[in-house]
Structures are given as C-alpha cells and as structure tokens.
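Asker: The structure under discussion is supplied below as structure tokens; questions concerning it will follow.
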Amino acid sequence: MKPDLKSLLPGVERIAREAGAEIMKFYEAGARSYTKADESPVTDADYASEKIILPQLSGLFDVPIVSEEAVSSGYKPDISKGTFWTVDPLDGTQEFIDRTGAFVVAISLVVDNKPVLGVIYHPALGIMYSAAGPGTAMKTGPDGEQFPLGVTGEAPEQMRLLLSEARADMPKVKGYLSQKFNDVAAKIDSTPGVLRACQVADNMADMSFICPTRREGRTKWWDVAPGQAIVEAAGGKVEGLDGSEIVYDATDLQVPPLVNISPNRAAKPKSP
C-alpha cells in the first residue's frame, strides 16, 4: 500500500521538532562524546534523538528504518521491498561538539527506492525544511511563518557553489563543472550536506556537492535522501557527478558522489 505522504508529513515534522528539542537540552548542558568503530564521532544527544524518533516513525508508518546509530551498532534493516525510512538523528555531530550550531535532524521516506518525503529540522535556529511530493517544498521559520520553495526567477549568470573543504573530492567536482559551466563562485561551507541541500532548494545557492574524499568512502543514505526529497519537490535536481540517477537500492546503504541543483538553475536552459 502506498503511503499518503501529505498525511504523514505533519507527524514527521512533529517528531523532528521533539527530537530537536531533546538535542538542544544536551547542547545547553553538555553531552559526552565517543568515537565509533569507523572513527566518526557520536554523542549522547545522537542516541537520545534516535530513541525519540524510531518508535514514533514506526507508529506513523510501519516500514523498516535505516537509521545511522542503529546501523552503526550492527542493525541490518530489510530494505528489499524498496520502501523505508532513513534517519540521521543528529547530522553534524562534529559541529554539535564544536558548538557551531550547524546541526540538524534529518528524516526521509523512500518509496520504490526513491526519496519522496523529507524533513530537515535545524533546532538551534528553529527552522524546518520539509516536502511530501512535487510542489510541496516548504521552509518554516521559528515563528511558524511558511515560505514555499521553488522556481523564483532567473538563475544568475555566475554559478554559486557550496561544498565542504574537508569532504570534497575536488578533482571530481572540477570535472563535473568543467563539462557544464565556466564562471563559478565557490563558497566553502562546513554545514551538513543535507542543510546545504536546503540552501539549494531555497535558491540561496545554485549547487551543492556531496562528494567525500577517498579516505572517507561513499556517503550514506541518511546523509542525502532527506535533502534530495526537498530539492526535487522544489523543482530542483539531484544527480550523480556522471549524470546518473540516484537510486536507493544498494545493500551497502551508500550513494555515489552527487550534486544538488537549485530550482532556478534546473529550470534555466543550458548554455550552448
């Protein structure tokens, strides 16, 4: 049975807010941090957020959940039917530890191996990005005011690019850009990849790259799917650096290097 995405969305938004509020308690009081087997950081706030999210998502729509900390602990969800949740209970754990405020709760629903619902909540700012299908992408401010995301006008002539200096495989990024564009203004941004995807959906940038270094390997689904659902619902595009479609059907739960393209840029005809 296909889920009713618009009916599910308010519940997912509520869960993300609740998890975000719990994260902020740890942020204000201080949270213990640990190092996982893959040498990435994790904190008590990650675990507390996940503990809130998982049972409530199952109550909304009972399908497998691919969640970062559960998977890191050895859980292997059955994703063979192609419909499942992805959860990053605290995306930006290092930024949380460094107290930059640049961390989010990120949730998506994948149906037929494609992300169709996404919620990204920035608890330090009280800002939420969400979408449940084409034309539904929305930014909600801390006061509850909502702003639709989509094509707003002409894309600027000069490209505005977001990438993470620490995590970008620059030869691949440059190769992608050289095939399509000449004039690029790059901005190094340390925010989580899903939050940079939201900036693209909001036409604050033309592209953001999620392209880890060889040492870090490939990117996990929970890092990408929520942002992809929002970018595509806003009229943007998400694709591999070779132009391939991003499909969530691999047993290693990973996606190749990719780029998020803004609605305005996606709507602009390519230069000859």
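Asker: Would you kindly derive the ³J(HN,Hα) couplings of the stretch 251-262 from the backbone phi angles with the Karplus curve 6.51 cos²θ - 1.76 cosθ + 1.60 (θ = phi - 60°), listing them in order in whole Hz, with x for Gly and Pro?
Answerer: 3J(HN,Hα) across the stretch 251-262, in whole Hz: 6, 8, 6, 10, 10, x, x, 8, 9, 9, 10, 5.
Asker: Which cross-chain or sequence-distant (5 or more) residues have an amide H under 5 Å from the amide H of S67, H modelled 1.01 Å from N in plane?
Answerer: V87
Asker: Starting from the amide H of I127, placed 1.01 Å from N in the peptide plane, find each other amide H under 5 Å away whose residue is 5 or more places distant or on another chain.
Answerer: Distant-sequence amide H within range of I127: H122.
Asker: So how compact is the stretch 5-148: Cα radius of gyration and Dmax in angstrom?
Answerer: Values for the stretch 5-148 (Cα only, Rg and Dmax): 14.8, 42 Å.
Asker: Long-range amide H contacts for F61: which residues qualify at under 5 Å (H placed 1.01 Å from N, peptide plane, sequence gap of 5 or more or a different chain)?
Answerer: Sorted by chain and number, the residues that satisfy this come to none at all.
Asker: Counting only DSSP beta bridges with both residues in the chain, what percent are antiparallel, rounded to the nearest 5?
Answerer: Taking every DSSP beta bridge with both residues in the chain, the antiparallel ones total about 80 percent.
Asker: Go ahead and set up a Gaussian network model of the chain, Cα springs under 10 Å, then flag whichever of V255, V87, V71 fluctuates most.
Answerer: Ranking V255, V87, V71 by mean-square fluctuation puts V71 first.
Each value in this text was obtained by applying a stated rule to the coordinates, not by laboratory testing. Quick caveat, the model's predicted, so the values are computed rather than measured.
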